[in-house]
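A.B. asks: Once you've had a glance at the structure underneath, I'll fire off some questions.
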Amino acid sequence: MQHGKYRFIVGFLTAPLAIYGLFVIWPFIQSIYYSFTDWSGLSPEFKMVGFKNYTRLWDDEVFWKSLQHSVMLVVLLPLVTLTMALFFAFMLNVGGRRRKNAAIAGVRGSAFYKVVYFFPQVLSIAIVALLFQFAYNPNSGAINSFLKAIGLDSVQPDWLGDPDLALWCIFAVLVWCTVGFFVVLFSAGMASIPKDYYEAALLDGASRITTFFKITLPLLWDTVQSGWAYVGILALGAESFAVVQIMTVGPGGPDYSTTVLPLYVYQKAFRDGQAAYATTIGVALLFVTLLFVAVVMKLGRRERLEY
Amino acid sequence: MGSTSAHNDREGVGRRDLIKRSAALGLIAVPTMGFLSACASGDSGGDEKVDKGKKTKANPLAVNESAPLEIVIFDGGFGTQYAEDAKAVYEKNFPDAKVKFSSTQKIQSVLQPRFNQGTPPDLIDNSGAEQMDMGVLVGKKQLADLTPLLDAPSIDDPAKKVRDTLRPGIIEMGQFDGDPVWIMYYAYTVYGVWYSQKALDGLDAEYPETWDDMLAVCAKAKKKGIAGWTYAGKYPYYVPFSLYPMIAKVGGREVLDAIDNLEPNAWKHPAVKTCFEAYYELYKKGYILKGTPGLDHIQSQTAWTEGKALFIPNGSWVENEAAKTMPKDFDLAVNAPSGIDSSDKMPFGTIWASGGEPFIVPAKAKNTEGGMEQLRIMLGEASSKNFTSSVKSLTAFNGGTDGIELTPGLKSGVAALKKAGDNVVNPRIQDWYVALQKEKIGVGGLGEMMAGRLTPVEAIKKIQGYADEAAKDDSIQHYKHQ
């Protein structure tokens with residue numbers, strides 16, 4: 001029975017491991033290597049410069065600002081997005097009034113709401129960012145026009161042009177476009193929780209809030225935890241980059257108020273011709289990401305519940 | 001079957017063992033794959049130049065008549081038609097040559113890897129938001145010296161060298177340190193204060209030459225519900241287009257040169273403070289269109305063409321860029337920045353004009369002569385006229401506007417240049433220190449001041465700090481006016 005087992009395993013593992021190595025591990029190693037050079041990214045010539053890029057990073061104000069913004073996003077975005085998504089999903093699946101035949105149901109029209117929530121997910125992040133850029137236009141954008149229409153003529157913020165608001169504008173867009181996915185994901189998770197649990201809780205006279213914290217959340221914990229890691233990585237990487245790059249075009253907001261790590265990597269590599277320094281920032285981003293995932297895994301560890 | 005977690009089962013592979021072994025396998029796989037992966041920065045290829053052709057009168061650069069030529073053009077505000085037309089001329093002159101023509105908006109993404117591999121195309125229009133940093137390209141010796149092109153006879157008049165047919169400042173802009181000319185700026189941009197002559201007439205006002213007059217015009221406009229100024233709030237580095245020449249006008253050329261040279265305390269010059277305070281007054285008096293700090297260049301231009309604001313600092317590309325929203329009777333005009341008063345060091349008319357659309361021939365291109373020959377064709381009168389009439393912009397070729405109908409903006413630009421005469425300034429900080437100029441001085445300093453979040457004194461202090469930082473930073477190449 002054991003005959004050929006190794007060959008079987010090796011056969012299965014070689015290809016994926018090779019691809020993983022080639023496209024994931026190797027670029028990491030290369031990046032770390034390049035962060036010790038003075039490579040410009042515009043010519044094949046470079047030489048080793050030791051830790052120069054790292055000492056420069058240490059004194060770089062813009063880097064610290066970017067780091068601060070990225071960390072803020074990675075802490076707050078999952079918190080806000082997942083809380084909202086959990087609330088919405090609960091209302092859509094469990095939170096409705098009792099109707100005949102079904103002890104457990106969502107609010108009226110929940111199927112429709114699900115589609116509405118999921119809608120932003122269908123749009124490309126670039127389109128979302130562009131749309132919101134128009135909405136935030138202080139001169140003729142939807143938001144200020146709305147404020148004007150309801151008589152708030154005196155409240156006409158510059159939104160993306162105001163360093164105190166710009167990052168929160170970005171944050172709102174990120175929440176808007178990620179929340180729907182988790183509503184659907186958590187809805188699926190909630191649907192697989194046996195109805196008898198809820199019925200039992202209802203018979204015992206549990207309120208909705210109690211039901212949520214005693215039944216739904218614990219049984220959904222695994223999903224929430226992976227969702228947490230997922231949004232966090234979005235907040236650190238692709239999603240925040242796209243939104244910041246498109247909406248606060250240029251340097252990352254007024255007076256660096258929205259700059260984030262991936263944007264700074266991009267600017268150094270593809271605008272300033274300092275690819276080596278960009279890889280140094282990239283290495284820092286790698287550590288932030290690893291740290292984040294480690295924290296999530298550690299904090300999120302709970303006893304597994306089976307049903 | 002063996003159990004999945006057995007350690008004692010000698011023949012079985014436990015889950016943990018499997019993980020360990022696959023990790024080991026991964027460790028072996030990583031370096032091996034390294035050999036297979038095309039390195040991000042391999043230095044193979046390159047340096048296989050084509051042979052030179054025969055130097056004749058018609059072919060002064062000794063182009064190899066049958067060698068292939070590759071051109072990559074930035075597809076931006078000017079489109080690509082002008083370059084394709086010029087390419088057709090090359091094909092006619094060298095029927096045996098195979099010309100490969102392509103265009104992109106993402107110059108850097110497309111070409112950076114090719115520079116890295118040492119196989120760049122023969123001629124590039126290195127322009128747009130994804131422009132490759134020229135300072136780095138020059139510093140890393142990636143560009144060909146264009147001096148042979150400048151010393152070649154011009155295509156129209158064999159008695160004249162190409163360098164003698166160019167507008168003032170074009171050659172200097174292509175140089176960095178010393179004699180070689182690395183970049184051929186093809187377009188010629190007039191920067192300044194842009195406005196609608198019709199709107200100004202509607203206010204019964206003339207273009208103001210002093211700052212008091214400027215404030216008076218703005219006050220007049222405000223009464224009619226029109227803002228005096230708007231600018232690209234998200235890209236406040238448009239503000240210098242009128243602010244820098246104003247500084248030169250008030251304090252003399254040397255002030256701008258000192259700024260370009262990153263001299264200590266260059267920004268502390270009284271002229272800088274005077275001009276900053278003048279602009280700050282626009283904000284304080286409420287002459288800047290509400291919400292401007294949140295607008296990008298297109299949005300601010302649109303508000304301006306809609307008549308919500310009178311003046312906008314911009315470059316001559318605005319005529320083409322804002323064409324869609326500009327009313328037919330807008331009567332676009334440009335003027336030199338207003339000064340403070342008659343005690344200014346330079347006369348009214350002092351304006352910023354300089355090259356745009358930088359063309360480069362890579363040092364490692366296979367057919368450098370072909371690339372330069374293509375530029376020689378483009379710098380001829382016929383191609384230059386074709387460019388001007390189709391995209392409403394001047395070219396580096398001095399002249400080439402006779403006999404074509406000029407659009408209002410272009411006409412006013414030509415007039416402004418004529419009025420300026422020798423008083424054309426060309427602040428180099430914009431092409432020498434892109435990051436410093438755009439996001440530090442522009443967004444961090446001027447943008448904040450124009451939005452009212454910094455006073456002129458604070459802005460100057462902050463900007464001087466940025467400039468000192470850049471002067472100390474040895475990761476960027478430093479340049480000085482010769």
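The values are calculated or read from the model by the stated rules, or taken from the named source; none is laboratory data. The shown structure was predicted, so the numbers you read here are calculated from the model rather than taken from an experiment. Neighbour counts are summed over all protein chains in view; Cβ atoms, including those assigned to glycine, are modelled from backbone coordinates with ideal geometry. Note: accessible area is taken over every heavy atom of the protein model, side chains too, but ligands, DNA and RNA are not part of it. Shrake-Rupley method; radii C 1.70, N 1.55, O 1.52, S 1.80 Å.
A.B. asks: Identify, among B:Q142, B:I247, B:W211, the residue whose Cα sits farthest towards the positive end of the charge dipole of the range B:129-253, taking +1 on the Cβ of Lys and Arg and -1 on the Cβ of Asp and Glu, with the dipole about the Cα centre.
C.D. replies: B:W211
A.B. asks: I would also like to ask the following. Charges at C-beta only: +1 for Lys and Arg, -1 for Asp and Glu. How large is the resulting dipole of the range A:24-133 about its Cα centre, in Debye rounded to 20?
C.D. replies: Working: 10 positive and 5 negative charges, 232 e Å.
Computed about the Cα centre, the dipole is about 1120 debye.
A.B. asks: Determine the total buried accessible area between chain B and chain A, counting protein heavy atoms only with a 1.4 Å probe; round to the nearest 100 Å². Could the numbers behind the result be given before it?
C.D. replies: On the way: alone 22610 and 18080 Å², together 36050 Å².
Counting both chains, the buried surface is close to 4600 Å².
A.B. asks: While we're looking at this one, here's another question. For peptide A:31-38, how many partner chain Cβ atoms fall within 10 Å of a residue's Cβ, on average? Don't skip to the end; give the middle numbers.
C.D. replies: Details: counts 1, 0, 1, 2, 0, 0, 1, 1.
That works out to 1 on average.
A.B. asks: Report the relative contact order of the range B:127-274, percent, no decimals, based on alpha-carbon pairs under 8 angstrom and at least 6 residues apart. If you can, show how the numbers build up before the last one.
C.D. replies: Values: 95 pairs, mean separation 16.7, N = 148.
Here the relative contact order equals 11 percent.
A.B. asks: Would you mind checking B:K55/B:K160; A:K268/A:K298; B:K57/B:K411 for any pair whose Cα atoms are more than 28 angstrom apart? Working shown, then result.
C.D. replies: Values: B:K55/B:K160 17 Å; A:K268/A:K298 34 Å; B:K57/B:K411 36 Å.
A:K268/A:K298; B:K57/B:K411, as the Cα separations exceed 28 Å there.
A.B. asks: Right, something else. Return the long-range amide H neighbours of B:L143 (sequence gap of 5 or more, or a different chain), with a cut-off of under 5 Å between placed amide H atoms.
C.D. replies: Those qualifying (amide H under 5 Å, at least 5 residues apart or on another chain) are B:A363.
A.B. asks: Follow-up. For the range A:170-293, with the dipole built from +1 on Lys and Arg beta-carbon atoms and -1 on Asp and Glu ones, taken about the Cα centre, which of A:F171, A:G227, A:V283 lies farthest toward the positive end?
C.D. replies: A:V283
A.B. asks: State in Å² the accessible area per residue of the range A:1-129; use a 1.4 Å probe, count heavy atoms of protein chains only, and round to the nearest integer. Kindly include the intermediate steps, with their values, before the conclusion.
C.D. replies: Working: 7750 Å² over 129 residues.
Using a 1.4 Å probe on heavy atoms only, each residue of the range A:1-129 averages 60 Å².
A.B. asks: Looking at this model, which pairs from B:K223/B:K273; B:K224/B:K461; A:K148/B:K234; B:K220/B:K419 are more than 32 angstrom apart at the alpha-carbon? Can you show the working numbers first?
C.D. replies: Numbers: B:K223/B:K273 29 Å; B:K224/B:K461 37 Å; A:K148/B:K234 23 Å; B:K220/B:K419 27 Å.
Beyond 32 Å: B:K224/B:K461.
A.B. asks: Counting helices only, and only those DSSP H runs with n ≥ 4, report the 222 nm mean residue ellipticity of chain B as the sum of -39,500 (n - 2.57) divided by its residues, in deg cm²/dmol to the nearest 500.
C.D. replies: After summing the helix terms and dividing by the residues of chain B, the value is -11500 deg cm²/dmol.
A.B. asks: List the relative contact order of chain A as a percent without decimals, with contacts defined as Cα pairs under 8 Å and 6+ residues apart.
C.D. replies: Details: 362 pairs, mean separation 84.2, N = 307.
Over chain A, the number comes to 27 percent.
A.B. asks: Just the accessible area per residue of the range B:366-482, please: how many Å² with a 1.4 Å probe? Don't skip to the answer; put the middle values down first.
C.D. replies: Values: 4470 Å² over 117 residues.
Heavy-atom SASA per residue in the range B:366-482 reads 38 Å².
A.B. asks: Please give the Cα centre distance for the range A:1-32 versus the range B:384-401, rounded to the nearest Å.
C.D. replies: If we compute the Cα centre of each part, the gap is 59 Å.
A.B. asks: Using alpha-carbon positions, what is the distance between the centroids of the range B:153-184 and the range B:268-284, in Å?
C.D. replies: That distance is 37 Å.
A.B. asks: Rank A:I233, A:I193, A:I281 by mean-square fluctuation in a GNM of chain A with C-alpha springs under 10 angstrom and give only the top-ranked residue.
C.D. replies: Judging by the Gaussian network model, the answer is A:I193.
A.B. asks: Follow-up question, since we're still on this one. Compute the length gained on full extension between A:M84 and A:L299: take 0.36 nm times their separation in residues and subtract their Cα-Cα distance, giving the result in nm to one decimal.
C.D. replies: On the way: separation 215, 0.36 × 215 = 77.40 nm, distance 2.02 nm.
Full extension of this stretch gives 75.4 nm more.
A.B. asks: A drop of at least 20 square angstrom in accessible area, chain alone versus all protein chains together, probe 1.4 Å. Which residues of the range B:284-332 meet that?
C.D. replies: Going by heavy-atom accessible area, the residues of the range B:284-332 that drop by at least 20 Å² are B:K290, B:G291, B:P293, B:G294, B:L295, B:Q299, B:K308.
A.B. asks: Run the dipole for chain B about the Cα centre, Lys and Arg Cβ at +1, Asp and Glu Cβ at -1, nothing else charged, and hand back the magnitude in debye, nearest 20.
C.D. replies: On the way: 55 positive and 61 negative charges, 205 e Å.
Result for chain B is approximately 980 debye, rounded to the nearest 20.
A.B. asks: Still on this structure, please answer the following. Quickly estimate the mean residue ellipticity at 222 nm for chain A, helices only: each DSSP H run with n ≥ 4 gives -39500 (n - 2.57), and the total goes over all residues, rounded to 500. Please report the intermediate quantities before stating the final value.
C.D. replies: Values: 14 runs with 202 residues, N = 307.
So the helix-based figure for chain A works out to -21500 deg cm²/dmol.
A.B. asks: Still on this model: Would you pull out the residues with amide H under 5 Å of B:T189's amide H, same chain only if 5 or more places away, H placed 1.01 Å from N?
C.D. replies: Here B:S354, B:G355, B:G356 satisfy the definition.
A.B. asks: How much of the accessible area of the protein assembly as shown, probe 1.4 Å, is carbon plus sulfur, in whole percent?
C.D. replies: Working: 21430 of 36050 Å².
Of the solvent-accessible surface of the protein assembly as shown, carbon and sulfur hold 59 percent.
A.B. asks: Same structure, new question: Would you calculate the separation in nanometres between label points at B:T210 and B:K418, each defined as 7 Å from the Cα along the Cα-to-beta-carbon direction?
C.D. replies: Each label point lies 7 Å from its Cα, and together they span 2.8 nm.
A.B. asks: For B:S102, what accessible area in Å² do you get when you roll a 1.4 Å probe over the heavy atoms of the protein chains, rounding to the nearest 10?
C.D. replies: 40 Å²
A.B. asks: Then there is this: To the nearest 10 degrees, how steep is helix B:240-251 against the longest Cα principal axis of chain B, on a 0 to 90 scale?
C.D. replies: Relative to chain B, helix B:240-251 is tipped by roughly 50 degrees.
A.B. asks: Which of B:T368, B:A336, B:A353 sits closest to the plus end of the dipole of the range B:312-392, meaning its Cα is farthest towards the positive end, when Lys and Arg get +1 and Asp and Glu get -1 on the C-beta?
C.D. replies: Farthest towards the positive pole: B:T368.
A.B. asks: In terms of modelled amide H atoms, which long-range or inter-chain residues lie less than 5 Å from the amide H of A:G95?
C.D. replies: For A:G95, the qualifying residues are A:V107.
A.B. asks: Turning to a different aspect of this structure: How much FRET efficiency would the formula 1/(1 + (r/R0)^6) give for B:D201 and A:I127, where r is the Cβ-Cβ distance and R0 is 35 Å, rounded to 0.05?
C.D. replies: Working: r = 42 Å, r/R0 = 1.20.
Between B:D201 and A:I127 the formula returns 0.25.
A.B. asks: For the range B:383-400, in order, what is each residue's ³J(HN,Hα) by Karplus, 6.51 cos²θ - 1.76 cosθ + 1.60 with θ = phi - 60°, in whole Hz (x at glycine and Pro)?
C.D. replies: Each residue's phi maps through the Karplus curve to give 5, 5, 5, 4, 5, 4, 6, 8, 10, 6, 9, 6, 10, 5, 5, 6, x, x Hz.
A.B. asks: Based on DSSP H assignment, which helices of chain A show an axial Cα extent of at least 24 Å together with a mean Kyte-Doolittle hydropathy greater than or equal to 0.0? Please report the intermediate quantities before stating the final value.
C.D. replies: On the way: long enough: A:61-93 (47 Å, 1.48); A:166-191 (38 Å, 2.23); A:217-236 (28 Å, 1.07); A:275-300 (37 Å, 2.03).
Correct list, ordered by number: A:61-93, A:166-191, A:217-236, A:275-300.
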